[in-house]
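K.L.:
There's a structure below that I have some questions on.
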Amino acid sequence: LVYRLTAEDVIDPEFQFVFLLMYRSFTTGKQVLSLLRDRLLVHQNPQPNENASPLELRISNFLKRWIDDYFIDFEDDKLLMDQVVDFIKNELRPRPSLTQICDRLAEMLSHHQAGKKRVMIETVSEKPKPITKRTACKWLPPGSCELFEFDPVEIARQLCLVSNDLFRSLTALDILASTKGKTKVHHMADRFNAVCFWTQLQVVQLKEANTRALMIAKFIQVAYECVHLNDLFDAYAIVSAIKSASVFRLKETFQKLGDKSKAKLEEVAALLKSDLNFRAYREKLNSLSPPCVPFLGTSQTDMLFIETGNSDFLLEFGPDVINFEKRRKTANVVRTLLQCQQIKYCFDRVEEIASIVESLECSETEVGLYEMS
């Protein structure tokens, strides 16, 4: 695999991506570095004026990407850090053709050791003007949440900013480890549940069917706007709340829901249905360009099926033959999510809305919400 990674006659960024993401499942960073050193010995005693060979360039470029994308490997393993520094200093730098490359590698290591992070891309399009106008909701009882006085478009934007910040804080390794236990991905699950349960609470705590219908209509519009902002995460959380047992059983309330609201609910719900392995959702996600916020549950399920349904080794070829195709399938799932992170949303923060949607809480349990309804 390391030979393929540094092959002199081919450049394969996709293979490099899969290897860097997945190598921990079948080897260690120290062994990878040792094999890189062995590969470098193929090209010994370069002449002073000789240009860097394809092999030297492949090894150097691989190190650049490893350090830049997965510095945590070196940060968490002091011995590996010492070894890569030694490799650059004593194996690569003596080669005149690699002097500038070694300077760049040393600079990257210092940059990451200082805790500096790469700046993520922001959309260059003009920011939409925030919609701060309030419309009094006379149908709500006194003391109700002020959030509903704002335009659903702006509410969706502020929800989107919160969820997108959480999502973009995840690394490839966070996503990869999410099927094996709690990682930072659980913050996304907590956020999903917070939006879902808080939405249910806002509906069921109202006493009259008319006001409940108006509240559901408001949330449907927010979910609808979330879809148009490519925020499938919050749209799914809101629709899950509306389709929950505590809300969806309110037959009289739904009879009072307007036809337009019903049509929008069905449009968003159809996109997020689990039928045919979430086919509609997957087609939508694959058609989107970032920025977007996906629902991670389907991706976690995909990775779990790949993990349990494929052997780590191809035993028919020998006990130590690595099943790299299994790793490629998992990496492709992770890659789809990483592509969604590439661009940041370009909305202004509206403090009156953001302060509410950042701290959504529901003290009631699912049973309690059902009883309230």
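K.L.:
Just the number: Rg to Rh for the chain, Cα atoms, Kirkwood Rh, two decimals.
P.N.:
Looking at the chain, the ratio lands at 1.08.
K.L.:
Here is a further query. Select from Thr308, Gln342, Asn323 the residue farthest towards the positive end of the dipole of segment 297-359; place +1 on Cβ of Lys and Arg, -1 on Cβ of Asp and Glu, and compute about the Cα centre.
P.N.:
Positive-most Cα among the choices belongs to Asn323.
K.L.:
Could I ask something else about it? Take the residue pairs Lys218/Lys344; Lys78/Lys180; Lys184/Lys251 and return only those whose Cα atoms are more than 29 Å apart.
P.N.:
Those over the limit are Lys184/Lys251.
K.L.:
What does the convex hull of the alpha-carbon atoms of segment 125-207 project to on average, in nm²?
P.N.:
Approximately 7.8 nm², given one-decimal rounding.
K.L.:
To continue, here is another question. Residue by residue through segment 73-83, which ³J(HN,Hα) values in whole Hz follow from phi under the Karplus form 6.51 cos²θ - 1.76 cosθ + 1.60 (θ = phi - 60°), with glycine and proline marked x?
P.N.:
Going residue by residue, I get 4, 7, 5, 8, 9, 4, 5, 5, 4, 4, 5 Hz, with x marking Gly and Pro.
K.L.:
Averaged per residue, what accessible area in Å² does the chain show with a 1.4 Å probe, protein chains only?
P.N.:
On a per-residue basis, the chain sits at 52 Å².
K.L.:
With Cβ to Cβ distances under 11 Å as the rule, what net charge do the other residues near Phe324 carry (K, R +1; D, E -1)?
P.N.:
So the surrounding residues net to +3.
K.L.:
If I take the Cα coordinates of segment 51-169 and project them onto the principal axes, what are the three extents in Å, biggest first?
P.N.:
If we take the Cα atoms of segment 51-169, the spans are 77, 32, 20 Å.
K.L.:
Give me Rg over Rh for segment 215-338, both radii from the alpha carbons and Rh done the Kirkwood way, two decimal places.
P.N.:
1.15
K.L.:
Ignoring any ligand, DNA or RNA, what whole percent of the accessible area of segment 200-294 comes from carbon and sulfur when the probe is 1.4 angstrom?
P.N.:
49 percent
K.L.:
Moving on to the next point. Can you compute the modelled spin-label distance between Ser363 and Lys138, with each label point 7 Å from Cα toward Cβ, in nm?
P.N.:
It is 3.2 nm.
K.L.:
Amide H neighbours of Asp231 under 5 Å, at least 5 residues apart or on other chains, H built in the peptide plane: list them.
P.N.:
Val293
K.L.:
Also, quick follow-up: Taking amide H positions as placed 1.01 Å from N in the peptide plane, with prolines and chain starts having none, which residues 5 or more places from Phe313, or on another chain, fall under 5 Å of its amide H?
P.N.:
Asn323
K.L.:
Any chance you could tell me what percent of the C-alpha pair distances in segment 232-287 go past 15 Å?
P.N.:
54 percent
K.L.:
What is the Cα centroid distance between segment 25-78 and segment 195-227, reported in whole angstrom?
P.N.:
Between the Cα centres of segment 25-78 and segment 195-227 lies a distance of 55 Å.
K.L.:
Sticking with this structure for a sec: Calculated from DSSP H runs of 4 or more alone, at -39500 (n - 2.57) each and per residue, what is the 222 nm mean residue ellipticity of the chain, nearest 500?
P.N.:
Per the formula, -18000 deg cm²/dmol.
K.L.:
Provide Glu361, Glu154 ordered by accessible surface of protein heavy atoms (probe 1.4 Å), highest first.
P.N.:
Glu361, Glu154
The values are calculated or read from the model by the stated rules, or taken from the named source; none is laboratory data. Everything numeric in this text was worked out from a predicted model, so none of it was measured. All Cβ positions, glycine included, derive from the backbone under ideal geometry; neighbour counts span all protein chains shown. The accessibility values were calculated without ligands, DNA or RNA, using every heavy atom of the protein model including side chains. Shrake-Rupley method; radii C 1.70, N 1.55, O 1.52, S 1.80 Å.
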